[in-house]
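In what follows, a structure is listed as structure tokens, so that the remarks can point back to it.
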Amino acid sequence: MAFPEPKPRAPELPQKRLKTLDCGQGAVRAVRFNVDGNYCLTCGSDKTLKLWNPLRGTLLRTYSGHGYEVLDAASSFDNSSLCSGGGDKAVVLWDVASGQVVRKFRGHAGKVSTVQFNEEATVILSGSIDSSVRCWDCRSRRPEPAQTLDEARDGISSVKVSDHEVLAGSVDGRVRRYDLRTGHLFSDYVGSPITCICFSRDGQCTLVSSLDSTLRLLDKDTGELLGEYTGHKNQKYKLDCCLSERDTHVVSCSEDGKVFFWDLVEGALVLALPVGSGVVQSLAFHPTEPCLLTAMGGSIQCWREEAYKAEGGAG
């Protein structure tokens, strides 16, 4: 006789604070996991970028080379390179091991709010308040971008990249998706300035947060609204949102000091995680585990599920 399949375990949400790291770099503007989730990057208002092992709480390296505060960063698929963008309008390519600046790309007319590598880390995509997304070829010596996407009517707040698509969210209230294989542009109007966008992990949906304190889940291909998530506060700041590691929950920063978790399918608010008394400025979800990083003020917090036991028995 056939036994019934065991029910998949209910996803556990990270709600146990493991560590708080004082980053020592002024206000932390963004926190980002690297591709495998072993390390994280923090972007500081003191012009530095820092690389950490967040579970151990150890600082691995500091990267200095920006002329103004660092607003976003990303790591390459092989962890050998970093890219960052900031208030100095520059996009910087770094060598992880040496800490040296490899290239500095200049061309944006305003601060660079968002950066991403493509999958092969041969191109950096940067979005700026100058309303453009620029594509910089890391291997070319040419100073100008390989391509400029300038359809937006206001600043670019968030850019994400898949193997053949570029997703760009703008303050003009539109999500634009560029299909690089066909050369087509698709645009969905949300109606409120967009603060953050991301792909679902299965690549079928896009999650969009905007300044009307609402997150929307859209079908990537049709633009159909699949879900709305409310309860958090986002009216003034560029705050991060994401999906949990198994696409089961929608996660968002909030201006009232909490991180909100909603059930993706049902839309119900599951958890409002208290982080502190300020604005939760940034967050990052581990690619494969229930582990969350949050940034508030000058520190980051590392969260795990309740059952988590730290290696070596240390809490």
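The values are calculated or read from the model by the stated rules, or taken from the named source; none is laboratory data. Treat the numbers as computed from the prediction; the structure is a model and nothing was measured. Here Cβ is always computed from backbone atoms with ideal geometry, including for glycine, and neighbour counts include all displayed protein chains. Side chains are part of the model used for accessible areas, which takes the heavy atoms of the whole protein and leaves out ligands, DNA and RNA. Shrake-Rupley method; radii C 1.70, N 1.55, O 1.52, S 1.80 Å.
Taking all protein chains as they are arranged and a probe of 1.4 Å, the heavy atoms of L59 leave approximately 80 Å² accessible to solvent. With 0.36 nm allotted per residue and the present C-alpha distance subtracted, the S277-K309 stretch has 8.8 nm of extension available. With N as its number of residues, region 109-194 has a Cα radius of gyration that, divided by 2.2 N^0.38 Å, comes to 1.03. Sparse packing (at most 11 other Cβ atoms within 10 Å of the Cβ) combined with a DSSP loop state is found for none of the chymotrypsin sites (Phe, Trp or Tyr not before Pro) in region 229-309. Probing with 1.4 Å while keeping every protein chain in the model, the per residue accessible area of the chain equals 44 Å². Taking a ≥ b ≥ c as the square roots of the Cα gyration tensor eigenvalues, with a/c under 1.5 meaning rounded and otherwise prolate when a/b beats b/c, else oblate, which class fits region 194-315? Because a/c hits 1.5 or more and a/b fails to exceed b/c, region 194-315 counts as oblate.
Modelled spin-label separation between E120 and S162, with each label point placed 7 Å from Cα along the Cα-to-Cβ direction: 2.0 nm.
Once C-alpha pairs closer than 8 Å and six or more residues apart are averaged by separation and normalised to the residue number of the chain, the relative contact order reads 14 percent. Using Cα-Cα distances under 8 Å and only pairs 6 or more residues apart, what relative contact order does region 223-304 have, in percent? Answer for region 223-304 is 24 percent. Placing a label point 7 Å from the Cα of Y237 along the Cα-to-Cβ direction, the residues of region 19-46 with a backbone N closer than 12 Å are 27-31. Simple spin-label model, 7 Å along Cα-to-Cβ: E151 to V270 in nm? Inter-label distance under the simple model: 3.4 nm. Placing one equal scatterer on every Cα of the chain and applying the Debye formula, the log10 ratio I(q)/I(0) at q = 0.07, 0.16 Å⁻¹ is -0.25, -1.39.
Where does the charge balance sit around V166 when Lys and Arg score +1, Asp and Glu -1, over other residues with C-beta under 10 Å from its C-beta? That sum, taken over residues with Cβ under 10 Å, equals +1.
The residues packed around K220, meaning those with a beta-carbon under 14 Å from its beta-carbon, carry a net charge of -4 if Lys and Arg are +1 and Asp and Glu are -1.
Pairs of Cα atoms nearer than 8 Å and 6+ residues apart set the relative contact order; for region 173-273 it is 18 percent. Length gained on full extension, Q15 to R106, computed as 0.36 nm times the residue gap minus the Cα-Cα distance: 28.7 nm.
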